[in-house]
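**Student:** My questions all concern the structure below.
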Amino acid sequence: MKLLTEILSDLFMDAFAACGYEASLGTVVASARPELCQFQCNGALAGAKQYKKSPMQIANEVLQEVKGQDRFKAVEIAAPGFLNITLTDDFLMQYVEEVYADRHLGVPQATTPKTIVLDYGNPNVAKPLHVGHLRSAVIGEALKRIASAVGHHTIGDVHLGDWGLPMGLVLAELEERYGNELPTLTTELLNEIYPFASKKSKENAEFLEKARSMTALLQKGDDTCRATWKKMIALSVADIRATFDRLGATFDYWYGESNSSPYVPELLEILKSKELLTESEGAQVVEVAMEGDKNPLPPTIILKSNGSEGYATTDVATVLQRQKDFAPDAIWYVVDFRQNLHFTQVFRTARRAGLVPESTALTHLCFGTVNGTDGKPFKTRDGGVMQLSELLNAVVERAYEKLRLPEGTAEAEKQKTAEAIGIAAIKFGDLINHYSKDCIFDLEKFMASEGKTGVYLLYVIARIHSILKKSEKIPTHLCHVYTESERELLLRLALSGGAFLAAYREKSPNLLCENAYQLAVAFSRFYHENHILSEENEEKRATRLALCVITKAILQKQLDALGIPTVESM
Ligand code: ARG
């Protein structure tokens with residue numbers, strides 16, 4: 001279905017064209033000054049220079065063209081030439097009713113759907129999930145759902161870190177400790193062994209060398225290494241899945257870096273045939289520096305001197321794998337900004353080798369770090385790295401304390417509600433700001449019942465739910481607009497589809513968060529200023545209940561596209 005701004009743009013474009021101006025000047029946008037009007041068209045200003053006329057004159061001509069159309073309550077000119085547009089209530093109501101009847105609730109669907117692979121989550125085997133993985137999972141999941149909501153085909157791949165030196169470190173340490181008598185692996189053991197081995201490798205060159213050879217052995221397919229490694233993965237993945245499930249992060253593929261290995265021989269063939277592979281200190285590399293680079297860009301290492309594959313190898317080979325399996329139009333990597341250089345190397349290598357068509361976008365959506373309220377990277381109380389599950393538990397505990405569920409609610413229900421509120425608080429708290437910024441983890445702020453928080457949004461949905469539960473009828477027809485706050489709410493409902501599209505185009509879930517918040521604010525005002533259930537006039541009550549029904553559906557859809565859970569009461 002068409003966006004309201006598109007419908008209006010079409011009308012104004014025709015009007016500009018009828019007056020002899022370029023049609024594109026007629027683009028209409030939602031008003032930046034809602035107290036003045038609902039929509040605005042600034043084309044007269046843009047056209048003034050081109051047509052050597054005053055903006056007022058152009059605006060006047062266009063105004064004469066559109067005047068008298070029954071959709072407009074008012075079209076006014078504001079100096080120096082803005083066209084301010086206000087719609088009739090009937091037109092607005094009719095549009096919102098169409099939105100509610102639409103299968104996609106007014107979210108426009110792509111006419112040529114793209115295939116988009118999203119690489120996010122990105123945990124590492126044998127290492128605990130930490131707050132950085134939280135951001136990747138939260139942002140990536142939202143981007144994926146938003147792209148799906150506007151009709152694209154999305155493929156989520158968790159891209160486990162399961163192929164590099166960390167694997168060799170753990171294998172080497174296991175071997176030093178237990179020789180061939182491997183004990184039953186446990187998550188506790190894995191969590192302890194990696195930091196230990198990593199520290200050891202920094203102090204002990206011999207051990208580091210051993211870990212490197214173990215990595216090479218694993219990659220060459222050594223049976224013993226493979227068997228232990230497989231156990232490690234199974235254990236880690238079960239743990240990671242449990243946490244990602246809690247976060248509502250769902251993946252189509254649980255591939256790892258290791259899944260790219262079968263593609264390496266073909267990658268080498270391609271690189272050789274294009275004469276891109278050169279030798280540097282025993283390693284096989286691809287030069288990727290380009291004229292105009294601000295900083296010198298080191299070559300991409302494809303094979304290390306001991307023959308093992310590195311981090312860049314796995315990513316370049318994965319581009320080849322994704323091209324073969326999915327032929328995507330775009331690959332989005334949701335990874336923190338510290339990996340900027342890495343992705344520049346990977347993308348340039350993939351481009352030089354022609355692994356994907358020119359038209360396939362390779363994009364690194366780089367996010368900032370998670371900081372505490374002191375602005376420093378987020379740590380546990382004793383200064384350690386905060387594990388993701390600990391953090392989730394802390395938030396859910398806080399949500400539990402704040403519950404105001406009716407007396408006698410079952411314990412399991414309380415737990416479930418607290419879990420949803422806690423997760424919503426964290427996710428909204430992260431997504432409300434643009435991902436490129438650092439995320440300040442401020443539990444009290446995230447959990448506040450007022451303001452731009454997930455908790456506030458959940459309250460609004462729960463409130464609507466409780467109103468509707470008490471109503472005998474669930475009307476969906478809008479009869480008449482009686483108050484300003486009803487009108488404001490209608491307008492917010494009408495703008496939802498545009499927010500989805502903007503969030504997709506800008507790859508910015510924060511735009512959808514902002515719209516959801518504005519909708520919730522408009523609903524709160526409507527709720528405080530109007531009688532709903534206690535309204536005696538039948539038509540008024542029906543219209544207001546219908547506004548509740550539609551608001552709930554749209555808010556729910558928006559939060560769902562952000563991957564944020566909701567509750568019916570809290
Ligand atoms: N596993 C890596 C880490 O935790 C991030 C992987 C990012 N994705 C990728 N395709 N390289 O640092």
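**Student:** Residue under question is V396, and the condition is that it be of a type outside the set (K, R), in contact with a strand residue (DSSP E or B) (Cβ under 7 Å, 6 or more places away or on another chain) and under 19 Å from P128 (Cβ atoms); does it hold?
**Tutor:** Considered against the rule, which asks whether it is of a type outside the set (K, R), in contact with a strand residue (DSSP E or B) (Cβ under 7 Å, 6 or more places away or on another chain) and under 19 Å from P128 (Cβ atoms), V396 comes out as no.
**Student:** Sort out which residues of the range 454-474 are of a type in the set (K, R) and under 25 Å from L247 (Cα atoms), and write them in order of number.
**Tutor:** R463
**Student:** What are the residues in the range 272-286 that are open to solvent by 40 Å² or more (accessible area, probe 1.4 Å) and within 39 Å of the chain's Cα centre (by Cα), if any?
**Tutor:** The answer is K272, S273, K274, E275, T278, Q284.
**Student:** With the condition kept exactly as written, say whether any residue in the range 294-307 is hydroxyl-bearing (S, T, Y), at negative phi, open to solvent by 60 Å² or more (accessible area, probe 1.4 Å) and more than 16 Å from the ligand (Cβ to nearest atom).
**Tutor:** yes
**Student:** Here is a list: S436, S449. Which entry is out of contact with any helix residue (DSSP H, G or I) (no Cβ under 6 Å at 6 or more places or on another chain), part of a loop (DSSP other than H, G, I, E, B) and more than 16 Å from L555 (Cβ to Cβ)?
**Tutor:** S436
**Student:** Right, here's the next one. On the given criteria, is L118 within 24 Å of the chain's Cα centre (by Cα), at pLDDT 95 or above and surrounded by 22 or more Cβ atoms within 10 Å (Cβ to Cβ)?
**Tutor:** Spelling it out, L118 is indeed within 24 Å of the chain's Cα centre (by Cα), at pLDDT 95 or above and surrounded by 22 or more Cβ atoms within 10 Å (Cβ to Cβ).
**Student:** Only one of (1) open to solvent by 10 Å² or more (accessible area, probe 1.4 Å); (2) at pLDDT below 95; (3) away from the ligand (no atom under 16 Å from the Cβ); (4) assigned to a helix (DSSP H, G or I) fails for P195. Which number is that?
**Tutor:** In the conditions (1) open to solvent by 10 Å² or more (accessible area, probe 1.4 Å); (2) at pLDDT below 95; (3) away from the ligand (no atom under 16 Å from the Cβ); (4) assigned to a helix (DSSP H, G or I), P195 misses (3) alone.
**Student:** Read through the list (1) under 34 Å from the mean Cα position of the chain (by Cα); (2) modelled with pLDDT under 95, then give the number of the only condition that V158 fails.
**Tutor:** (2)
**Student:** For the range 31-64, enumerate the residues that are open to solvent by 70 Å² or more (accessible area, probe 1.4 Å), modelled with pLDDT of 95 or more and acidic (D, E).
**Tutor:** Correct list: empty.
**Student:** Output yes when any residue across the range 101-113 is more than 26 Å from the chain's Cα centre (by Cα) and open to solvent by 20 Å² or more (accessible area, probe 1.4 Å), and no when none is.
**Tutor:** yes
**Student:** Within the range 205-226, is there a residue that is within 16 Å of the ligand (Cβ to nearest atom), among the β-branched types (V, I, T) and either assigned to a helix (DSSP H, G or I) or open to solvent by 40 Å² or more (accessible area, probe 1.4 Å) (or both)?
**Tutor:** yes
**Student:** Do you know which residues across the range 505-544 are part of a helix (DSSP H, G or I), more than 32 Å from the chain's Cα centre (by Cα) and of a type in the set (A, V, I, L, M)?
**Tutor:** Residue satisfying the conditions is A542 alone.
**Student:** Of everything in the range 236-271, what is over 22 Å from V158 (Cβ atoms) and open to solvent by 20 Å² or more (accessible area, probe 1.4 Å)? Give them in sequence order.
**Tutor:** Across the range 236-271, the qualifying residues are P265, E266, L268, E269, I270.
**Student:** Let me ask something additional. List the number of the failed condition for T551; all other conditions in (1) surrounded by fewer than 23 Cβ atoms within 10 Å (Cβ to Cβ); (2) in a helix (DSSP H, G or I); (3) touching a helix residue (DSSP H, G or I) at 6+ places or on another chain (Cβ under 7 Å); (4) among the β-branched types (V, I, T) hold.
**Tutor:** (1) is the only condition that T551 fails.
**Student:** Could you pull out the residue among L105, L87, L83 that is touching a Cys at 6+ places or on another chain (Cβ under 9 Å), at pLDDT 95 or above, over 30 Å from G161 (Cα atoms) and not β-branched (V, I, T)?
**Tutor:** L83 is the lone residue from the list that is touching a Cys at 6+ places or on another chain (Cβ under 9 Å), at pLDDT 95 or above, over 30 Å from G161 (Cα atoms) and not β-branched (V, I, T).
**Student:** Could you tell me whether the range 370-389 includes any residue that is of a type in the set (A, V, I, L, M, F, W, C), more than 30 Å from L277 (Cα to Cα), surrounded by fewer than 17 Cβ atoms within 10 Å (Cβ to Cβ) and within 15 Å of the ligand (Cβ to nearest atom)?
**Tutor:** Within the range 370-389, one or more residues are of a type in the set (A, V, I, L, M, F, W, C), more than 30 Å from L277 (Cα to Cα), surrounded by fewer than 17 Cβ atoms within 10 Å (Cβ to Cβ) and within 15 Å of the ligand (Cβ to nearest atom).
**Student:** Follow-up. Can you name every residue in the range 230-278 that is more than 16 Å from the ligand (Cβ to nearest atom), hydrophobic (A, V, I, L, M, F, W, C) and assigned to a helix (DSSP H, G or I)?
**Tutor:** A234, L235, A238, A242, L268, I270, L271
**Student:** Filter the range 425-451 down to the residues that are in contact with a Phe, Trp or Tyr (Cβ under 7 Å, 6 or more places away or on another chain) and surrounded by fewer than 20 Cβ atoms within 10 Å (Cβ to Cβ), then identify the one that is nearest to A561 (Cα to Cα).
**Tutor:** S436
**Student:** For residues that are within 15 Å of the ligand (Cβ to nearest atom), in a loop (DSSP other than H, G, I, E, B) and touching a Pro at 6+ places or on another chain (Cβ under 8 Å), tally how many sit in the range 109-163.
**Tutor:** Selection size over the range 109-163: 5.
**Student:** Looking at Y178, is it open to solvent by 20 Å² or more (accessible area, probe 1.4 Å), more than 16 Å from the ligand (Cβ to nearest atom) and at pLDDT 95 or above?
**Tutor:** yes
**Student:** Still on this structure, please answer the following. Restricting the search to the range 343-366, which residues are part of a strand (DSSP E or B), within 13 Å of the ligand (Cβ to nearest atom) and either among the hydrophobic types (A, V, I, L, M, F, W, C) or open to solvent by 50 Å² or more (accessible area, probe 1.4 Å) (or both)?
**Tutor:** Listed by number, the residues that qualify are L362, L365, C366.
The values are calculated or read from the model by the stated rules, or taken from the named source; none is laboratory data. Please read these numbers as outputs of a predicted model, since none were measured by experiment. All Cβ positions, even for glycine, are placed from backbone atoms using ideal geometry, and neighbour counts span all protein chains on display. In case anyone asks, the SASA skips ligands and DNA or RNA and just uses the protein heavy atoms, side chains included. Shrake-Rupley method; radii C 1.70, N 1.55, O 1.52, S 1.80 Å.
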